[in-house]
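The values are calculated or read from the model by the stated rules, or taken from the named source; none is laboratory data. Keep in mind that what you see is a predicted model, and the values were worked out from it rather than measured. When we count neighbours, we look across all protein chains shown, and the Cβ atoms used for this are built from the backbone with ideal geometry, even at glycine. The protein model used for the area step is the full one, side chains on, heavy atoms only, and it has no ligands, DNA or RNA in it. Shrake-Rupley method; radii C 1.70, N 1.55, O 1.52, S 1.80 Å.
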Amino acid sequence: MEKIKIIMDVDTGIDDAIAMCLALGNEKIDVLGFTTTFGNRRCEVTTKNTLKILELVGRTDVPVAAGATRPMVKEYNPPEYSIVHGYDGLGDMENPLPEPSITPVDKSAVQFMADTLRASDEPITLVPVGPMTNVASLILAHPELLPKIKEVVLMGGSTMQGNASPVAEANIIQDPEAAYILFRSGVKLRMAGLDATWKGYIGFDELENDFAKQNWLTETIYSMCGIYVEHYRERMKNPGIAMHDSLTLAWLVNPDIVQCRDYYVTVDINGRYTYGMTVTDVNNVLGKKPNASVALDVNRIEFIQMIKDAIANLAANKK
Ligand code: RIB
Ligand code: CA
C-alpha cells in the first residue's frame, strides 16, 4: 500500500508531540522529515523538543531541520511561561525527557523542504501545525516547486471563534502575513481549524483512566499533560484536551473522519480587532472560488482511537 509522504512542520509543544507520534506510528504515513518553527516556544526550544520526542520513540532516523525563529512582519515576544505548554514546551514534567543526543540537519527548514521536494519523484504533502512561516517562505523562495507540493494540510484558523484573540487562532495570529501568503498561493489546502479540533478531544477521565494506562508511551505522554489538562479544564472549560495538531494527520489518512466544506478563506493582515482571523466566506458572499477544504466536525471516537493505535505501534516497536 502506497504510503502518504509528508514533511511535518512543528512548534513542538504538547499536541505537536502527540501528533508526531500519530505521524510516526500510523502505517499509512511516511514522514520524510520534521521542520521546526517558533510558535508555542522559541524555535531553539521547539527544535530541541522535536529531537527529544524522536529519541523517546526511537525514531532518530527521521531528519529534523530547524526553521523560522520569528514571524515575517510582526514581532515575536513569547511569554517566559506558556499557560498551555509550560516553560519547556513539553509540560514541565517532574522527570523531563533527557536532553537530545541528536542534532538537526545542517540546513534550514526551507532548504530541507526544497531539497526534499526537488529530489522526490512524486509530490509531497506538507503538514504545518505551527505558524505558517516556513511553508510561506518556501512558496516565496521556490515557486518552481509548487507542483511538487501535493497539498498542504494545516492546523490553524477557524470559521469564527479564536483561541488567541476573540476571532484568531494561535498558529495563524503568530504570523498572519505568512498565512495570508499560503492561502492565496493556489496550493491545494485543507484547514484543520478550531471548529473541528476543539471537538477532537481526549476527555479528562478518558485520559487518566484509559489513555494513560495503554502502554509506557501513553503513560509518558500523560505525565506531559498536567499543564495542558489544567488549561483545557480550568480556562477553556473544554470537556477534554484538544488534539489540535493530530487532526491534520487523521484527516489525511482517513478523509471520512472529518466533516468539511469547501470555502473561500483569506487572512486579515491589518484589522484592529480581527488581525490574524481566517476570514471564511461560509455564505459565499464574495462569489470567489473556494481555496480550502475547512474541517467543521470530527468523529471523535475514531479519531482518538487512531491516535492510541499509532502510539501503541510506536510503543511496541521501539528498538
Ligand atoms: O491553536 C492550536 C495550535 O496552537 C496548535 O498547533 C498548538 O500546538 C499551538 O501551536
Ligand atoms: Ca502546534
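Here are a few things to note about the model shown:
- For region 254-262, 3J(HN,Hα) per residue [Karplus equation, 6.51 cos²θ - 1.76 cosθ + 1.60, θ = phi - 60°, Hz, x = Gly/Pro]: 9, x, 6, 6, 10, 8, 9, 9, 8
- Dipole axis of the chain (+1 Lys, Arg; -1 Asp, Glu on Cβ), positive-most option in 13, 220, 196: 196
- FRET efficiency for residue 5 and residue 101, using Cβ-Cβ distance with R0 set to 22 Å, rounded to 0.05: 0.20
- Percentage relative contact order, the chain, counting C-alpha pairs under 8 Å, at least six apart: 21 percent
- Fully extending the segment from residue 233 to residue 272, taken as 0.36 nm per residue of separation minus the present Cα-Cα distance, adds 11.0 nm.
- The base-10 log of I(q)/I(0) for region 109-175, evaluated at q = 0.15 Å⁻¹, reads -0.52 [Debye formula, identical scatterers on Cα atoms, solvent excluded].
- Surface composition of the chain: carbon plus sulfur atoms hold 51% of the accessible area, using a 1.4 angstrom probe and ignoring ligands, DNA and RNA.
- The three principal axes of the C-alpha atoms in region 31-87 carry coordinate ranges of 34, 24, 14 Å, sorted with the longest axis first.
- 204, 183, reordered so the largest accessible area comes first (probe 1.4 Å): 204, 183
- Annotation: lysines with alpha-carbon distance below 22 angstrom to residue 5 (same-chain offsets under eight excluded): 28, 107, 148, 150, 188, 308, 318.
- Difference of contour (0.36 nm per residue) and Cα-Cα distance, residue 209 to residue 151: 17.2 nm
- Size of charge dipole - the chain - debye, nearest 20, with Cβ of Lys, Arg +1 and Asp, Glu -1, no other charges: 640 debye
- Karplus-derived 3J(HN,Hα), 6.51/-1.76/1.60, for each residue of region 266-280, Hz, glycine and proline x: 9, 10, 6, 10, 8, x, 6, 10, 10, 4, x, 6, 7, 6, 10
- Computed over the chain, the P(r) curve from all C-alpha pair distances, binned at 20 Å from the origin, holds 36, 60, 4 percent per bin.
- Spin-label model, residue 27 to residue 120: label points 7 Å out along the Cα-to-beta-carbon direction sit 2.2 nm apart.
- Accessible solvent surface per residue of the chain, calculated while the other protein chains remain in place, 1.4 angstrom probe, Å²: 42 Å²
- Positive-end residue, region 147-263 charge dipole about Cα centroid, Cβ charges, pick of 164, 178, 243: 178
- Each of residue 184 and residue 93 was given a label point 7 Å from its Cα along the Cα-to-Cβ line. The distance between the two points is 4.3 nm.
- The helix-based estimate of mean residue ellipticity at 222 nm for the chain, built from -39,500 (n - 2.57) per DSSP H run of four or more residues and divided by its residue count, is -9500 deg cm²/dmol to the nearest 500.
- Backbone N atoms of region 130-169 closer than 14 Å to the 7 Å Cα→Cβ label point of residue 282 belong to residues 158-162, 167.
- Environment charge at residue 260 (Cβ cut-off 12 Å; Lys +1, Arg +1, Asp -1, Glu -1): -2
- With θ taken as phi - 60° and the Karplus curve 6.51 cos²θ - 1.76 cosθ + 1.60 applied, the whole-hertz 3J(HN,Hα) list for region 19-27 is 5, 4, 5, 5, 5, 7, x, 8, 5 Hz, x standing for glycine and proline.
- Near the amide H of residue 185, within less than 5 Å, lie no amide hydrogens of residues on another chain or at least 5 residues away, with H placed in the peptide plane.
- The value obtained for region 1-146, namely the Cα convex hull volume divided by the number of residues, is 103 Å³ per residue.
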